[in-house]
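Encoded as structure tokens, the structure appears first; notes follow it.
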């Protein structure tokens, strides 16, 4: 190696740089949902002028997205680490009913909240430990869903538990003009994102979802991360149940399966890979916000809400179609580039 | 039957829970899904040799309202010396017919009360009950079960949605006339698609509103299935129509959601009326947060249904009746 070579500024071989088209496609795949949301906001701002583009309405949308976002966070974390948790509605119902029973029996509010959240953690732990025995997580969580739905009805005596006004501080009450659920979602997503992207455990958890065997062979105890995924999912489910209860000041023992479908829609819109290992909580949050934005905008315009459901479904189909096309196109182009590099010796 | 329809039926009787529970509280039943009245075992009726055992088959026991209804039936029938067998088909029409077939064949049933998951699937059950001379009451109109009128041994009990819708519209109109000069924008919280009686109820409500308060306008109809979503959707609608004067609702959930939405928006709702009348709604009417509720009288209906079945035991071959669930307009004045 000559001195000239050692002092020359490093230059990148053009062939080492991804083609602009590929970079653009990856941007659309990873950031497209943000662009879509901005477009929706702009579109509704013009169409539903002057009611849509206001601070009050922004808060309304954020508040409406809160519940979906909390449940979607649970679903997303489960999927990212390789396990779809279908027990979420049951955990939410049981947690909120337990809290309701405690509050109506004179226990302090914090006790009810902590008990409900502990329920979520324990349910997640149980789900995870059973799933580790080689059982299919979907079947395991369906079983848990059934158990928890029944238990919720048992402890509530089969009836709703009304008059839980002590929980309004995390439901309808506002802080600095912003409703409690929005603050809860903000805290949850900040903590969740930091955990998944900035901590060793979070990064390992995502890796377990991507390739469990590879993680295991690299000496990492993958089982504990699978259980951790279920625990986080259960915690989010219990938190969602509490916030729902706080919003309507009533605990309902009926586990609504609609929770899972709405949350899954937000997660799928966010491009979280259903095979695990890939996903981002901020995108999931935007997925929930998109659902709330569509519903809000159409309602303000007086459009029949059925169109909201239709539009959401079309968006979802479009999103997964686009994701598939982009992934295939990117792979094809990169392979072509690599082959060209190999034959020409430029790479 | 679609799940929406099933849920619709459940929601329709959502007001029953605590009312029926009151009836149950006065009974000596054990509270299990199958209970015995004190002093009654199989209790064969002397005349027709039919046991005093009522088979109660609702859509499911999962919804609190239906659980409440089953408790109410057990309490009321138990107080009359009857045993009640409660079944839980869990919204499964096949399971419901199987369970009913088994109990009708067993000879234990002295009468049956069925809230059918799929009325059309009940044809075999109704014929079997007729042939075994076991009186049966089904919820719904005769045409839903393929009949044109009353049938031997079968009583039909249904909610008169047209009458309910008319009362709802009239109450909203009356409220607007009293509080808003007979004009104003109204949001209609409707039931979700596929629910029984939806079309006739909504048509009757809007035409009655127009007749009572011609200056009122229904600016938006929003299907509302649960309270939390109702609160969100009505909040959104309020954003687009800040001068809403009234909300009239097909369900209690929508009315309660409207109260939450207006409170969250820092606004006052001049006229809030609904169809249903659960305890929470009636408390809101009493306190003045709501103008009126067209309340379904499920306790009275439960009593008339059971009493009709008990009477039919005397002559199970006689034509049954066509009953309607009583309705009562409740305002803050009573």
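Just so it is clear, none of the values below were taken in a lab; they were calculated from the coordinates. For clarity, every value in this text was computed on a predicted model and none was experimentally measured. Cβ sites come from the backbone with ideal geometry, for glycine too, and all protein chains shown count toward neighbours.
Order by neighbour count: A:161, A:61, fewest other Cβ atoms within 10 Å first, most last.
Sorted ascending by nearby Cβ count, the order is A:161, A:61.
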Quick check on packing: order B:120-126, A:196-202, B:208-214 by the mean number of other C-beta atoms within 10 Å, highest mean leading. B:208-214, B:120-126, A:196-202
Spatial separation of Cα centroids for the stretch A:106-130 and the stretch A:258-302, in angstrom: 26 Å
In nanometres, what is the gap between the two model label sites at residue A:198 and residue A:132, each 7 Å from Cα along Cα-to-Cβ? 2.9 nm
Would you please give the FRET efficiency between residue A:105 and residue A:187, computed as 1/(1 + (r/R0)^6) with r the Cβ-Cβ distance and R0 = 25 Å, to the nearest 0.05? 0.30
From the Cα centre of the stretch A:26-61 to that of the stretch A:146-199, the distance in Å is 26 Å
Virtual spin-label span in nm between residue B:49 and residue A:213, 7 Å along Cα→Cβ: 7.0 nm
Give the separation of the Cα centroids, the stretch A:225-243 to the stretch B:82-157, in Å. 43 Å
Per residue of chain A, what 222 nm ellipticity follows from adding -39500 (n - 2.57) for every DSSP H run with n ≥ 4, rounded to the nearest 500? -25000 deg cm²/dmol
How high is the FRET efficiency from residue A:165 to residue B:183, r the C-beta distance, R0 30 Å, rounded to 0.05? 0.25
Cα gyration tensor, the stretch B:161-296 - rounded (a/c under 1.5), prolate or oblate: rounded
So, with points 7 Å from each Cα along the Cβ direction, the residue B:132-residue A:49 label distance in nm works out to 7.0 nm
Sort B:105, B:274, B:252 so that the residue with the fewest other Cβ atoms within 10 Å of its own Cβ comes first and the one with the most comes last. B:105, B:252, B:274
Taking Cα atoms, the helix B:252-264 axis meets the longest principal axis of chain B at an angle in degrees (rounded to 10) of 30 degrees
Given only helices, namely DSSP H runs of n ≥ 4 each adding -39500 (n - 2.57), what is the per-residue ellipticity at 222 nm of chain B, to the nearest 500 deg cm²/dmol? -13500 deg cm²/dmol
Could you work out, residue by residue across A:253-261, how many beta carbons of other chains sit within 10 Å of that residue's beta carbon, and then give the average as an integer? 2
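For chain B, what percent of Cα pairs sit more than 37 Å apart?
Values: 12238 of 55611 pairs.
Of all Cα-Cα pairs in chain B, 22 percent lie more than 37 Å apart.
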Would you mind estimating how fast the protein assembly as shown diffuses translationally, via Stokes-Einstein at 37 °C and 0.692 mPa s with the Kirkwood radius over Cα pairs, in µm²/s? 119 µm²/s
Bridge type composition, chain B - antiparallel percent by DSSP, nearest 5: 20 percent
With a ≥ b ≥ c taken as the square roots of the eigenvalues of the C-alpha gyration tensor of the stretch A:65-302, please select rounded if a/c is under 1.5 and otherwise prolate if a/b is larger than b/c or oblate if it is not? oblate
